[in-house]
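Colleague: One structure, pasted below without further comment.
The values are calculated or read from the model by the stated rules, or taken from the named source; none is laboratory data. Nothing here was measured: the structure is a model prediction, and the numbers come from that model. Cβ atoms come from the backbone with ideal geometry, glycine included; neighbour counts cover every protein chain shown.
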Amino acid sequence: MGQGVGVRAMKRERWVRVGFGVLCVVVLVAAQALRPGMSGRIVPVSERRAMPPLELTQLGGGTWRLAEHRGDVVLVNYWATWCQPCWEETPGLIRLAQGTKGLAVVGISLDEGEGVQAKVAKFVREFGVPYPVAFPGKMSQMAYGMTGVPVTILLDKQGRVAKMYEGAVRERDFKKDVGVLLGE
């Protein structure tokens, strides 16, 4: 029985490393697509780069896959329960997710430590978050280039990085940019 537990732990560790590697690539591609000076506007279609495949473990089970949202504009929002700007941004994301046809939103919690699932579940319940919330695996946000949260990556209908936001964003700014991409 002890060997079976060890094998499961090794497999879990391998998947965490794979997930970490994928997330590193995702953030690097997004950063490359948004050269200095580009974060203030939507990247022109000819300069957009595809987001690498993204598969995330969802709160409550299941897997969220970027590939399943081809044809939708996608907002990938990195956040944490301890982040005050994230608290301020969340109600606008909720309204946007509920009121925008053709938009998929996923929240990626960067919370770490013991009891993380319970903390995130409480946040989701209290705010009434209707969109999927997922986890990137066991790693520090600093490890993959983020200097703070929230960070949001906006993808066009073909899964290409159109814009990256750092810090809390007003609902009207998200709405404007999402509208542009929905019209493409």
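Colleague: For the stretch 109-133, give me each residue that is modelled with pLDDT under 95, of a type in the set (A, V, I, L, M, F, W, C) and not in a loop (DSSP other than H, G, I, E, B).
Modeller: V116
Colleague: While we're here: Could you count how many residues in the stretch 82-108 are of a type in the set (D, E) and either part of a loop (DSSP other than H, G, I, E, B) or buried (at least 17 other Cβ atoms within 10 Å of the Cβ) (or both)?
Modeller: 1
Colleague: Scanning for something of a type outside the set (S, T, Y) and under 14 Å from the mean Cα position of the chain (by Cα), does the stretch 112-126 turn up at least one residue?
Modeller: no
Colleague: Would you tally the residues in the stretch 135-159 being at pLDDT 95 or above and part of a strand (DSSP E or B)?
Modeller: 2
Colleague: Residue under question is G61, and the condition is that it be modelled with pLDDT under 95, farther than 18 Å from M164 by Cβ and surrounded by fewer than 20 Cβ atoms within 10 Å (Cβ to Cβ); does it hold?
Modeller: So G61 passes the test.
Colleague: Okay, moving on. All but one of (1) modelled with pLDDT of 95 or more; (2) out of contact with any strand residue (DSSP E or B) (no Cβ under 7 Å at 6 or more places or on another chain) hold for M38, so report the exception by its number.
Modeller: Going through the list (1) modelled with pLDDT of 95 or more; (2) out of contact with any strand residue (DSSP E or B) (no Cβ under 7 Å at 6 or more places or on another chain), M38 breaks only (1).
Colleague: Show the residue pairs that are 6+ apart or on different chains and have beta-carbon atoms under 6 Å apart, the first residue being within the stretch 58-74 and in contact (Cβ under 8 Å) with a residue 40 or more places away in the chain, the second being surrounded by 12 or more Cβ atoms within 10 Å (Cβ to Cβ) and polar (S, T, N, Q).
Modeller: Cβ pairs passing all conditions: W64/Q58.
Colleague: Please verify whether V73 is in contact with a Gly (Cβ under 9 Å, 6 or more places away or on another chain), closer than 22 Å to V45 by Cα and either aliphatic (A, V, I, L, M) or at pLDDT 95 or above (or both), treating the condition exactly as stated.
Modeller: Yes, satisfied.
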